[in-house]
Amino acid sequence: MRPLPETARALLSVALLAAAAASPARADQKPLWEFGLGAGMFVFNDYRGSATTHAYPIPVPYFVYRGEIFKSDQEGLRGRFFSEPRVEFNLSINGTTPVRNDSARQGMPDLRSTLEIGGSLNVHLWRSSDQRFKLDLRLPARAALTVEASPRMIGGFFEPHVALDIAQFRGSNGWKLGMLAGPLFADSRYNGYFYNVAPQYATADRPAYQAHGGYAGTQTLVSLTRRYPDYWCGFFVRHDMLGGASFASSPLVKTNSYWSGGFGVTWIIRQSSRSVASDD
């Protein structure tokens, strides 16, 4: 699962007045922080390549913080440790849902949820003059560990992708469209956590298997979000392709191409009385 505080980015595009498009972008004044809470429904395969799908009704927190170093916004939770006009180094966090009762893993141990933590080097490839259009190259690399009383490291994950964010009107509460796509890479420990079949769990239809590291398929995601005065809503769809992945021959991989998605609605409960300049 891909955590979706604000899962992706945003929007439908609409024409701007010529004068506004030609004028230099100005930062708007927005609350330093905003907090809300709501609910959503996400539908995912148990793991990438699984034939078993589950729907997850979950609470959806809404938290925006527009600080100098740490930020939480339409790009997720970020720690801006280094920033130049065209390059940023941010905190990157992700994770997966637990795997229980998957059809291909029948008789095998359940898998714990995982938490992925690392950094992301983001390169701003292009910005429109009004900041409505943003094209970035993002290079997140994360270490993954299990979520349990005694967490254990299960390997590393690299997720380079190109992201295009489009805002209906710069600085407004209009619709925002986000699109990203790119290849995935993981080491043998990470892939092994999901795709290994130990000899004691081998059957006639599920031979023993040892996963290798390397290419892990591609992923494409499209999201649509909007902030209204009193609430926020968001939708996303994601497509995974595993053809050519280093673990594609695992007997636990039952599909090489599939869709997942979800939606969420949150109500804004409180916001800061202090305002800061923001161009999001």
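The values are calculated or read from the model by the stated rules, or taken from the named source; none is laboratory data. What you see is a predicted model, and the numbers here were worked out from it, not measured in a lab. Reconstructed Cβ throughout: ideal geometry from the backbone, glycine too, with neighbour counts over all protein chains shown.
For this structure, a couple of remarks:
- Total residues in segment 98-126, condition closer than 21 Å to T255 by Cβ and within 15 Å of the chain's Cα centre (by Cα): 1
- Enumeration of residues in segment 27-70 that are modelled with pLDDT of 90 or more and assigned to a loop (DSSP other than H, G, I, E, B): D46, Y47, R48, G49, S50, A51, T52
- Within segment 76-97, tally of residues that are under 12 Å from the mean Cα position of the chain (by Cα), surrounded by fewer than 18 Cβ atoms within 10 Å (Cβ to Cβ) and modelled with pLDDT under 85: 1
- Whichever residue in segment 114-152 is among the charged types (D, E, K, R) and in a loop (DSSP other than H, G, I, E, B) and, among such residues, is modelled with the lowest pLDDT: D130
Condition check ((1) among the aromatic types (F, W, Y); (2) surrounded by fewer than 19 Cβ atoms within 10 Å (Cβ to Cβ)) across all residues:
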residue	(1), (2)
Y195	yes, no
A198	no, yes
A202	no, yes
A216	no, no
T225	no, no
L242	no, no
W267	yes, yes
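- Given (1) closer than 16 Å to T53 by Cα; (2) surrounded by 16 or more Cβ atoms within 10 Å (Cβ to Cβ); (3) at pLDDT below 95; (4) of a type outside the set (G, A, S), number of the condition L111 does not satisfy: (3)
- Considering residues of segment 114-150 that are surrounded by 19 or more Cβ atoms within 10 Å (Cβ to Cβ) and among the small types (G, A, S) only, the residue nearest to I58 (Cα to Cα): A144
- Any hit, segment 260-280, residues being free of Cβ contacts under 8 Å to residues at least 40 places away in the same chain and either over 20 Å from H54 (Cα atoms) or part of a strand (DSSP E or B) (or both): no
- When T220, T225 are screened for being at pLDDT 95 or above and more than 19 Å from F194 (Cβ to Cβ), only T220 passes.
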